[in-house]
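Here the structure is laid out as structure tokens; the discussion comes afterwards.
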Amino acid sequence: MSRHNKGKRRRRPKSTAPQVPPRAPRRMTPALEERPKAPWHPFPLVEVSVLIGIVCIGVGFFSRDSAGGRTILALGFVLGALGGLDTAAREHFSGYRSHTLVLAAFPAVAAAVLTALAGVPNVLVPVLLVAVFMVAFVVLRGAWERSAGG
């Protein structure tokens, strides 16, 4: 370069490549983009429930030899399960996502635990579990199809 051309800018040659057409805008589905909010929305009740459940599980695990420790351990499992069950039920019945299997397992397991604690013969407990699960599955699947508009 000569010293006379130091301050001048070079012009770039024009491109001969064809211009790329603009992309089409993305379609957003407004109904399914956001999860349904809980009735107590600003307060994080589910998260607090799960946190207390985790603390109860930790305390109950280290004191599980006593009756109080086993009770706290069971309370921790129940609080943790209720946190997940709340979210699954809200999403399922609002038509956001299907949680049929999770929701059908809840009454089946509850019925099996209650019948086992009541002293029903061990052969009948799995039969009752499967029967309650199948009935709950059919009912919850129908509720999902109605709420999802299917």
Q: Please specify each residue of the range 38-63 satisfying the condition of being in a helix (DSSP H, G or I) and over 29 Å from Ser94 (Cβ atoms).
A: Val55, Cys56, Ile57, Gly58, Val59, Gly60, Phe61, Phe62
Q: Select from the range 64-98 the residues that are part of a helix (DSSP H, G or I) and of a type in the set (S, T, N, Q) and write down the one among them that is surrounded by the most Cβ atoms within 10 Å (Cβ to Cβ).
A: Thr87
Q. Does any residue in the range 68-82 that is over 15 Å from Glu47 (Cβ atoms) come within less than 9 Å, Cβ to Cβ, of a residue that is among the basic types (Lys, Arg) six or more places away or on a different chain, and which pairs are these?
A. Arg70/Arg64; Ile72/Arg64; Leu73/Arg64
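Taking Trp40 as the residue in question, decide whether it is touching a His at 6+ places or on another chain (Cβ under 8 Å) and aromatic (Phe, Trp, Tyr).
Details: touching a His at 6+ places or on another chain (Cβ under 8 Å): no; aromatic (Phe, Trp, Tyr): yes.
When the stated conditions are applied, Trp40 does not pass them.
Restricting attention to the range 99-137, which residues are outside any helix (DSSP H, G or I), in contact with a helix residue (DSSP H, G or I) (Cβ under 9 Å, 6 or more places away or on another chain) and of a type in the set (A, V, I, L, M, F, W, C)? Working first, answer last.
Our first condition is that a residue be outside any helix (DSSP H, G or I); within the range 99-137, this holds for 99, 119-123.
So of that shortlist, the ones also in contact with a helix residue (DSSP H, G or I) (Cβ under 9 Å, 6 or more places away or on another chain) come out as 99, 120, 122.
Answer for the range 99-137, where residues must be outside any helix (DSSP H, G or I), in contact with a helix residue (DSSP H, G or I) (Cβ under 9 Å, 6 or more places away or on another chain) and of a type in the set (A, V, I, L, M, F, W, C): just Val120.
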(Q) Every residue in the range 115-150 that is touching a residue at least 24 places away in the same chain (Cβ under 8 Å) and of a type in the set (Lys, Arg), please. (A) Arg141
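Each reported figure results from applying straightforward, stated rules to the coordinates on display, with no laboratory input. This is a predicted model, so every value here is computed, not measured. Virtual Cβ from ideal backbone geometry, glycine too; neighbours counted across all protein chains shown.
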